[in-house]
1. Assigning unit charges at the beta carbon (Lys, Arg +1; Asp, Glu -1) and nothing else, what dipole magnitude in debye, to the nearest 20, does region 1-98 show about its Cα centre?
2. In sequence order, what are the phi-derived ³J(HN,Hα) couplings for region 65-75 according to the Karplus relation 6.51 cos²θ - 1.76 cosθ + 1.60 with θ = phi - 60°, rounded to whole Hz, with x for glycine and proline?
3. Under the rule of at least 5 residues apart or a separate chain, name every residue whose amide H is placed under 5 Å from the amide H of Leu473.
4. Take Asp342, Asp11, Asp135 and sort them by solvent-accessible surface of the protein heavy atoms, 1.4 Å probe, largest at the top.
5. Among Thr35, Thr100, Ala65, which residue has its Cα positioned farthest towards the positive end of the charge dipole of region 1-117, with +1 placed on the Cβ of Lys and Arg, -1 on the Cβ of Asp and Glu, and the dipole taken about the Cα centre?
6. Within region 340-446, list the trypsin sites (Lys or Arg not before Pro) lying in a DSSP loop whose Cβ has at most 16 other Cβ atoms in a 10 Å radius.
7. Summarise the accessible area of the chain (1.4 Å probe, protein heavy atoms) by the percent that is carbon and sulfur.
8. Relative contact order for region 337-400 using alpha-carbon pairs under 8 Å, separation at least 6, rounded to a whole percent?
Amino acid sequence: MAALWQDVVRDAAAMRDAAAVAVDAALLAGVLMRTGEQPHASDVVNYAPFTLLPSAVPRALFEQAYTVQQDFNLLVDAISQNKEFLEQTLASTIKVDDFTARLFRIYMQVLEEGLAQTVFLGINRSDYMFDCGLDGTAALRQIEINTIAASFGGLTSRTADVHRLVLKVLGKTEEASQLLPNNPAKGLALGIAKAWELYGSQRAVVMFLVEEVQRNIFDQRCVENELWNRNIHVIRKRFRDVFEQGSLDASRRLYMDGQEVAVVYYREGYVPQSYDQQNWEARLLLERSRAVKCPDIATQLAGTKKVQQELSRLGTLEKLLPGRPEAIARMRATFAGLYSLDEGEEGDRIAATAIADPDRFVLKPQREGGGNNLYGEELREVLEKIKDSPERTSYILMDKIKPQPALNYLLRAHSPLQVSECVSELGIFGVYVRQGRELVLNQAAGHLLRTKAIEHADGGVAAGVAVLDTPFLV
Ligand code: ADP
Ligand code: MG
């Protein structure tokens, strides 16, 4: 895998010329982000970071990831409907993790009142790395499933065109023609449109629930514009707008300043910092409503690291998806080792193993958005400190995936061009819609490849570590 593009990757002049073409192509194609300096402005923007060259991805693993996506959609949907499983699985976590506990309280409150929502929409992204075995063969290993605000389905729809041009500039016309078309934004919009249609009110709108600071607005606009193309009206609101303008009628239809909302698509709300008291109240209002939430709070909880760890326990998938042994085998084949740090012998043993050999593991809290995991010496120190306290149950341990690095250039505004050893993470977008108990849509909607320099153990594109990439199948 490491050998791809080796005839050009060390040719500094060729790389410099190609980078100049690539940056202009990215701007023309709309691979854009607002800047850190002016995060509220759309009149000063720059290109979103991306690799100069597409990265090699083994074709068989790429196809495996697509094939298993419908299974993961089914699984997430099943978890979201299984109160007993969520209650049991998160029982230890919510004792020590305030954020998960708050979400869980809303979940219980909404269930007690009885769900008004009858149409369900899931948009998730299952992320993988390619673990390199001792014999040099690569295996697909799931990193996590993102069940809320999975991003970059829009910008990634536009990166392949940029890489196609770069390859042509480098004299690789044949390879350029092999880059796959990819348009997750269209697939996500299809799911949102289906949910909107089943909600059944022509006048109702789709509401994007967005952050205070929206640097990644162009990614969201790609999905938004697909909806406008279908003549579906989109509004963008923050939690505090919902607090001020949101209301429910007697049948719990959601209104924003008198305008009915059919679908709430969250691109916010997955970190504690998103919430003050008012925003929690706004979240509760949304969850109580009849509107289709993408995701509903149960589906957000289904995406926690603790749930992921429990799924890897023998017998759990069988209980969640009875009568689906093939789907279960396909999913399990992608699992890395995952370990509970709950109090007791099992947790004591794995904590001791990780302290003795920290480079084998990643320590993960119940957080999203990159930059939260612990590795190596830091993992050892933290685990040493919390190993005898209940606090350790707010974390899980995971086997560290060790991919084969490859050379590439990470193009970032205001950064010098330099070659880096890089590893990639492949994400597959999944979309499904359920009406009552009937699944009416279940699809893989496209892919996202993100690449980072090996010096960084953690962090996504939004966190400023990874950059957008395009898979070149080998
Ligand atoms: P988050 O919810 O913050 O995105 P992730 O589980 O996706 O959490 O981890 C963040 C990043 O850390 C990943 O994108 C990947 O680069 C790295 N990472 C996570 N798990 C592992 C692992 N088991 N082995 C190696 N790297 C990992
Ligand atoms: Mg992640």
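The values are calculated or read from the model by the stated rules, or taken from the named source; none is laboratory data. This one's a predicted model, so the numbers in the text were calculated from it and none came from an experiment. Quick reminder, even Gly has a Cβ in these numbers, built from the backbone with ideal geometry, and neighbours come from all protein chains shown. Side chains included, ligands, DNA and RNA excluded: accessible areas come from the protein's heavy atoms. Shrake-Rupley method; radii C 1.70, N 1.55, O 1.52, S 1.80 Å.
1. 180 debye
2. With the stated coefficients, region 65-75 comes to 5, 5, 5, 7, 5, 5, 5, 5, 4, 4, 5 Hz.
3. Those lying under 5 Å, H to H, from Leu473 are Val57.
4. On the way: Asp342 45, Asp11 70, Asp135 120 Å².
Order by accessible area, largest first: Asp135, Asp11, Asp342.
5. Selected residue: Thr35.
6. Those that pass, being in a loop and sparsely packed, are Lys387, Arg412, Arg437.
7. Reported share for carbon and sulfur atoms: 48 percent.
8. Working: 91 pairs, mean separation 30.4, N = 64.
That works out to 48 percent.
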